[in-house]
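To keep things clear, I will list the structure first and then write my remarks on it.
The values are calculated or read from the model by the stated rules, or taken from the named source; none is laboratory data. Treat the numbers as computed from the prediction; the structure is a model and nothing was measured. Ideal geometry is used to build each Cβ from the backbone, glycine not excepted, and the neighbour counts take in all protein chains shown.
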Amino acid sequence: MKARFGLDSPGRPAPAWATREWINTRSPLQPADLRGRVVVLHAFQMLCPGCVQHGLPQAERLRAAFEPEDVAIIGLHTVFEHHAAMTPIALRAFLHEWRIGFPVGVDAPSDDAHDPIPQTMRAYALQGTPSLLLIDRNSFLRRHSFGAEEDATVAAAVATLIAEPG
């Protein structure tokens, strides 16, 4: 699916991430903490076939392709269905088995018990998973897409953001 907006947009400040825990990092992360680097955030669910087959492997390939000083790869496990099956304990096992090494935040559930949409998913108006967010060095959201995108397209967008003056 096409990006909802792209790099030619000036973007908007990236909303804070509402997470209840983090995996593969010593401390919680926020877009502002990563200022100075381009952030590639892949929103996923571990039971989402598109996430497992495309989104997460793409995130790992991007992590291998770019220097960590320039690009931060972040996962956001955002569960909007099958809540009972996708617990943080199951997620830890999933990430271990799939050898996912980048930081992954667990999206905080809605404050409304009748709303299945997690807080960060709602803040970014994500349509589902997999979703890709690109945040520039100044913590502005510059790309927001839903569905699978070609590696070359995403890598080119990341390289464009790296090349921008920060």
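Of note:
- Qualifying residue in segment 86-100 (condition: under 24 Å from Arg122 (Cβ atoms), in a helix (DSSP H, G or I) and at pLDDT below 90): yes
- Meets criteria (touching an Asp or Glu at 6+ places or on another chain (Cβ under 8 Å), surrounded by 22 or more Cβ atoms within 10 Å (Cβ to Cβ) and touching a residue at least 24 places away in the same chain (Cβ under 8 Å)) for Ile135: no
- When restricted to residues that are modelled with pLDDT under 95, in a loop (DSSP other than H, G, I, E, B) and of a type in the set (A, V, I, L, M, F, W, C), segment 27-83 contains 5.
- Val154 part of a helix (DSSP H, G or I), in contact (Cβ under 8 Å) with a residue 60 or more places away in the chain and closer than 12 Å to His54 by Cβ: yes
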